[in-house]
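**Student:** First the structure, then my questions, so here it is.
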Amino acid sequence: MEKLDILSLELPELEQAITDIGEKKFRAKQIFQWLHVKRVFNFDEMTDISVQLRTKLKEIFCINGLFVQKKLESGIDNTVKYLYRLSDGNFVETVLMEYSYGYSVCVSTQVGCKMGCKFCASAIAGFVRHLLPSEILMQIYETERQSGKKISSVVLMGIGEPLDNYDNVLKFLRLISDSRGNNFSLRHISLSTCGIVPRIYQLADLKLQLTLCISLHSPDQGRRSEIMPVSRAYNIHELMKACRYYIEKTGRRITFEYAVIDNVNSSAKDADKLAALLRGMNCHVNLIPVNRVKERNYRTARSAVADFAKQLERRNINATVRRTLGSDIEAACGQLRRDAAKNEKENGGADQ
């Protein structure tokens with residue numbers, strides 16, 4: 001019998017599972033707190049539970065752990081990038097970043113990505129599978145354990161498209177914010193999507209109070225479709241309509257992410273179109289110097305990003321340039337995972 005992934009179970013599900021094996025319902029809350037408050041991932045260390053129940057738990061449940069395959073530490077800004085090996089041998093990337101207000105962790109939601117954005121390294125090695133709620137959670141829990149740092153904010157901006165893994169991501173959000181467990185405020189979580197319009201409407205109706213970030217990268221439908229294939233399925237006008245709905249339903253400001261790419265989306269004409277597209281919206285534009293990816297030709301001069309920010313400001317659009325972190329440790333999402341997967345294949349699955 002396949003064991004149940006206990007870390008992916010919400011408390012009512014865990015209560016049902018525990019009563020199904022003839023145990024008292026309150027035991028589920030004890031186990032839930034061992035996992036999500038005390039962060040104990042070995043049933044034998046759950047000391048207020050009988051040996052007999054611990055034996056049962058080991059027979060029925062598994063705890064999905066992560067293992068550090070590689071760790072890169074920036075010598076510039078204390079950014080730490082972890083390449084985690086999952087229990088099935090796949091890899092995900094997680095990045096710990098230091099800010100003046102505390103520590104933020106960027107987590108992955110899929111092994112690989114289907115979206116195929118032309119300037120991104122995440123999709124180059126291909127899509128493998130969705131991450132389970134436990135595997136998203138454990139990126140946070142394990143990074144806190146590895147670093148000894150308390151995480152104050154979470155961004156779902158690593159490998160994968162969160163809204164393509166909608167059900168597992170929502171379950172992760174419920175688990176991490178459960179007041180009987182980790183009790184992490186959703187106001188300190190940002191979710192980045194390339195624009196899966198139906199899911200944006202669904203997310204808006206839930207009124208979760210997280211920060212929605214839209215990977216926009218061009219105000220022009222034709223150009224956006226060239227660099228972001230998702231725009232062929234959901235055009236930019238449909239996307240903007242969904243964004244306005246999200247703002248209206250949640251009262252939350254949207255962040256538009258915009259990777260400034262030389263000779264692609266950085267002209268005065270692009271600034272005009274972007275200003276017209278966003279005018280009147282409660283939003284912020286986060287300008288990003290595009291990461292260098294060896295399989296791609298896209299480049300950004302830092303001065304071009306600053307110039308584009310000034311152009312937007314002159315058009316009354318609130319914009320800032322994202323601080324570049326971890327530039328000395330292969331910061332582009334997907335590069336570490338891609339290289340590790342390639343090495344595994346070349347070496348017949350042997351550990352590196």
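The values are calculated or read from the model by the stated rules, or taken from the named source; none is laboratory data. All figures in this text were calculated on a predicted structure; none of them were measured in a lab. Heads up, the Cβs are rebuilt from the backbone with ideal geometry, glycines too, and the neighbour counts pull from every protein chain shown.
**Student:** Can you tell me which residues in the stretch 251-280 are closer than 25 Å to Arg199 by Cα and touching a helix residue (DSSP H, G or I) at 6+ places or on another chain (Cβ under 6 Å)?
**Tutor:** Selection gives Ile254 alone.
Matching residues to (1) assigned by TED's automatic domain parsing to the domain that holds Ile227; (2) without any contact (Cβ under 8 Å) to a residue 40 or more places away in the chain; (3) closer than 18 Å to Ile214 by Cβ:
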site: Asn78; (1), (2), (3): yes, yes, no
site: Lys81; (1), (2), (3): yes, no, no
site: Ser104; (1), (2), (3): yes, no, no
site: Val128; (1), (2), (3): yes, yes, no
site: Glu142; (1), (2), (3): yes, no, no
site: Asn168; (1), (2), (3): yes, no, no
site: Leu175; (1), (2), (3): yes, no, no
site: Leu191; (1), (2), (3): yes, yes, yes
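**Student:** Within the stretch 284-291, identify whether any single residue is in the same structural domain as Arg199 (by TED's automatic domain parsing), exposed (fewer than 14 other Cβ atoms within 10 Å of the Cβ) and at pLDDT 95 or above, and answer yes or no.
**Tutor:** Among the residues of the stretch 284-291, not one is in the same structural domain as Arg199 (by TED's automatic domain parsing), exposed (fewer than 14 other Cβ atoms within 10 Å of the Cβ) and at pLDDT 95 or above, which makes the answer no.
**Student:** Could you check the stretch 229-251 and list, in sequence order, the residues that are surrounded by fewer than 15 Cβ atoms within 10 Å (Cβ to Cβ) and either closer than 24 Å to Arg187 by Cβ or small (Gly, Ala, Ser) (or both)?
**Tutor:** Ala233, Glu248, Lys249, Gly251
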